[in-house]
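Trainee: Have a look at this one before I ask anything.
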Amino acid sequence: MIGDAAHVMVPFFGQGLNAGFEDVTILNEILNSCEDDIPKALETFTERRRNDCHAISDLSLYNYVELRDLTTRPSFHLRKFIDDSLFRLFPSYWLPLYQSVSFTNLSYEKCARNRRRQDTVILATALTILVVAGELFARFVMFLC
């Protein structure tokens with residue numbers, strides 16, 4: 001089974017039909033490259049699509065949680081501000097998750113990987129700022145004493 005019916009996921013990223021279109025396009029490419037060897041093509045298709053299908057399912061569920069719970073938190077708005085600011089400053093390096101999923105041809109797996117990388121960058125930056133601020137504060141206190 002291919003198409004949007006094959007992608008059982010919560011509908012909170014609106015990607016069921018898009019994933020179905022991707023299935024058809026990719027299966028067509030594989031069928032052409034496998035010279036219509038259907039069993040080989042289906043095995044190749046399954047291997048190629050598995051990670052993307054898992055990724056969009058996870059991303060859709062995360063988007064549901066985000067819409068349900070996270071949008072009222074200040075940390076959500078701070079992250080959105082950081083994402084938007086970095087995207088404006090470095091559009092070829094920093095692409096917010098929603099834009100990467102909805103407005104690019106990046107694979108869902110790549111979008112999820114990019115988000116994890118961005119989470120790591122933001123966390124490392126925040127920790128570095130805290131350590132530096134703590135060190136500066138300690139030096140300031142020692143200076144006053």
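Trainee: Can you bin the range 34-102 into rounded, prolate or oblate? Criterion: square roots of the alpha carbon gyration tensor eigenvalues sorted a ≥ b ≥ c, rounded for a/c under 1.5, prolate for a/b above b/c, oblate for the rest.
Mentor: Details: a/c = 5.93, a/b = 2.07, b/c = 2.87.
Oblate.
Trainee: With the chain treated as a Gaussian network of Cα nodes joined by springs under 10 Å, which of Val121, Val65, Val132 yields the largest mean-square fluctuation?
Mentor: Maximum fluctuation in the GNM of the chain, among the listed residues, is at Val132.
Trainee: OK, next. Between Tyr64 and Thr125, what is 0.36 nm times their sequence separation minus the Cα-Cα distance? Round to one decimal in nm. Let's see the in-between values first.
Mentor: Values: separation 61, 0.36 × 61 = 21.96 nm, distance 2.72 nm.
So the chain would gain 19.2 nm between Tyr64 and Thr125.
Trainee: Still on this model: Normalised by the number of residues in the chain, what is the relative contact order in percent for Cα pairs under 8 Å and 6+ residues apart?
Mentor: Values: 92 pairs, mean separation 27.3, N = 145.
About 19 percent, as a whole number.
Trainee: Based solely on its DSSP helices, what 222 nm [θ] is calculated for the chain when runs of n ≥ 4 H residues each add -39,500 (n - 2.57) and the sum is averaged over all residues, nearest 500 deg cm²/dmol?
Mentor: -26000 deg cm²/dmol
Trainee: Using the alpha-carbon centroid of each, what span in Å lies between the range 124-145 and the range 22-59?
Mentor: So the separation of the two Cα centres works out to 52 Å.
Trainee: For a distance above 23 Å, tell me the whole-number percent of Cα pairs in the range 1-120 that qualify.
Mentor: 38
Trainee: Taking the Cα centre of the chain as origin and charging only Cβ (+1 Lys, Arg; -1 Asp, Glu), how large is the dipole, in debye to the nearest 20?
Mentor: Values: 15 positive and 18 negative charges, 182 e Å.
With Lys and Arg at +1 and Asp and Glu at -1, about 880 debye.
Bear in mind these aren't lab numbers, they're just calculated from the coordinates by the rules spelled out. Given the structure is predicted, the values throughout are model-derived calculations rather than measurements. Note that we place each Cβ from the backbone using ideal geometry, even for glycine, and neighbour counts take in every protein chain shown.
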